[in-house]
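What follows is a short report on a single structure.
The values are calculated or read from the model by the stated rules, or taken from the named source; none is laboratory data. These numbers come from a predicted model, not from an experiment. Because the Cβ atoms are built from the backbone with ideal geometry, glycine has one as well, and the counts that use them run over all protein chains shown.
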Ligand SMILES: Cc1cc2nc3c(=O)[nH]c(=O)nc-3n(C[C@H](O)[C@H](O)[C@H](O)COP(=O)(O)O)c2cc1C
């Protein structure tokens, strides 16, 4: 079998069969005004599936926390209107023969897209209230903030499965919230979510994963994106 044959052969993961091994990386588009994916968004993803992408990981989409996003044109993954928009996306991609998983996102204290003025005017949250430039700018997340954030990720995953998505991806890279918990410079907590070991600082991600696993069907694919 040539490399091309392998690339174009189906891939199976539990109950999911992907028609080939071409996977589209998540890319923020900022094309969903008010956080609602439009018909144009559905058509954009449908075109990728129609032209041979086996598995699409969507642009990052915000979970149900006020501080999850800093850009009003980035899609939400909660609320009736946004979820109705995502339903159109998943149906269009499936109609074109593709598979699709939303990337679930909380930006933590990272100001994306250089749009600093937006995040500065919004409440935001991170493990120890430390900004990307290293200043203590807000309170550390409380236990109830953390519990509600975990719940928000789990709810989004349950909604994704209900809408017919083929899996979910957690954005655990690039200095955003889940990644900030892994990193000593952002996670200076002295409780079970922090400490001097990676084990303690991994607890938040593990609890998000466990919460998701407890609400989705066994075998529903859950991807955790990591970066160094
Ligand atoms: C415009 C743009 C938006 C991106 N948005 C996201 C995103 O929402 N989530 C994410 O995990 N990565 C995002 N990325 C990173 C890409 O998924 C990918 O890792 C990056 O383009 C490097 O590609 P490579 O690994 O093939 O070199 C984005 C990249 C670009 C160029």
Unmet criterion (only one of (1) without any contact (Cβ under 8 Å) to a residue 60 or more places away in the chain; (2) more than 13 Å from the ligand (Cβ to nearest atom); (3) touching a strand residue (DSSP E or B) at 6+ places or on another chain (Cβ under 9 Å)) for residue 86: (1)
Region 158-174: number of residues that are crowded, with 19+ Cβ neighbours inside 10 Å and under 21 Å from residue 135 (Cβ atoms): 0
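Listed here are the residues, each with its yes/no results for (1) farther than 26 Å from residue 58 by Cβ; (2) touching a strand residue (DSSP E or B) at 6+ places or on another chain (Cβ under 9 Å).
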position: 140; (1), (2): yes, yes
position: 161; (1), (2): no, yes
position: 169; (1), (2): no, yes
position: 182; (1), (2): no, yes
position: 190; (1), (2): yes, no
position: 196; (1), (2): yes, no
position: 199; (1), (2): yes, no
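Can you tell me how many residues within region 176-228 are in a loop (DSSP other than H, G, I, E, B) and more than 13 Å from the chain's Cα centre (by Cα)? Explain how you work it out, then say what you get.
Start the filter on region 176-228 by keeping residues that are in a loop (DSSP other than H, G, I, E, B), which leaves 176, 183-197, 202, 214-221, 227-228.
This time we only want the ones that are more than 13 Å from the chain's Cα centre (by Cα), so: 183-197, 202, 214-221, 227-228.
Residues in region 176-228 being in a loop (DSSP other than H, G, I, E, B) and more than 13 Å from the chain's Cα centre (by Cα): 26 in total.
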Qualifying residue in region 130-143 (condition: exposed (fewer than 14 other Cβ atoms within 10 Å of the Cβ), over 19 Å from the mean Cα position of the chain (by Cα), over 20 Å from residue 55 (Cα atoms) and at pLDDT 95 or above): yes
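Whether any residue in region 202-211 is within 16 Å of the ligand (Cβ to nearest atom), farther than 22 Å from residue 100 by Cβ and in contact with a strand residue (DSSP E or B) (Cβ under 8 Å, 6 or more places away or on another chain) is what I want to check.
The first filter runs over region 202-211 and keeps only residues within 16 Å of the ligand (Cβ to nearest atom), leaving 205, 208.
Filter again for farther than 22 Å from residue 100 by Cβ, leaving 205.
If we keep only those that are in contact with a strand residue (DSSP E or B) (Cβ under 8 Å, 6 or more places away or on another chain) too, we end up with 205.
Yes, some residue in region 202-211 is within 16 Å of the ligand (Cβ to nearest atom), farther than 22 Å from residue 100 by Cβ and in contact with a strand residue (DSSP E or B) (Cβ under 8 Å, 6 or more places away or on another chain).
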Residue match in region 177-199 (condition: under 30 Å from residue 54 (Cα atoms) and more than 16 Å from the ligand (Cβ to nearest atom)): no
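Test residue 46 against the criterion of being more than 22 Å from residue 21 (Cβ to Cβ), away from the ligand (no atom under 16 Å from the Cβ) and touching a helix residue (DSSP H, G or I) at 6+ places or on another chain (Cβ under 9 Å), and give yes or no. Break it down stepwise before answering.
Details: more than 22 Å from residue 21 (Cβ to Cβ): no; away from the ligand (no atom under 16 Å from the Cβ): yes; touching a helix residue (DSSP H, G or I) at 6+ places or on another chain (Cβ under 9 Å): yes.
So residue 46 fails the test.
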Helices (runs of 4 or more DSSP H) contained entirely in region 1-110, each with at least 3 residues that are at pLDDT 95 or above and farther than 21 Å from residue 163 by Cα: 3-7
Scan of region 126-147 for residues that are under 13 Å from residue 177 (Cβ atoms) and in a helix (DSSP H, G or I), ordered by number: 145, 146
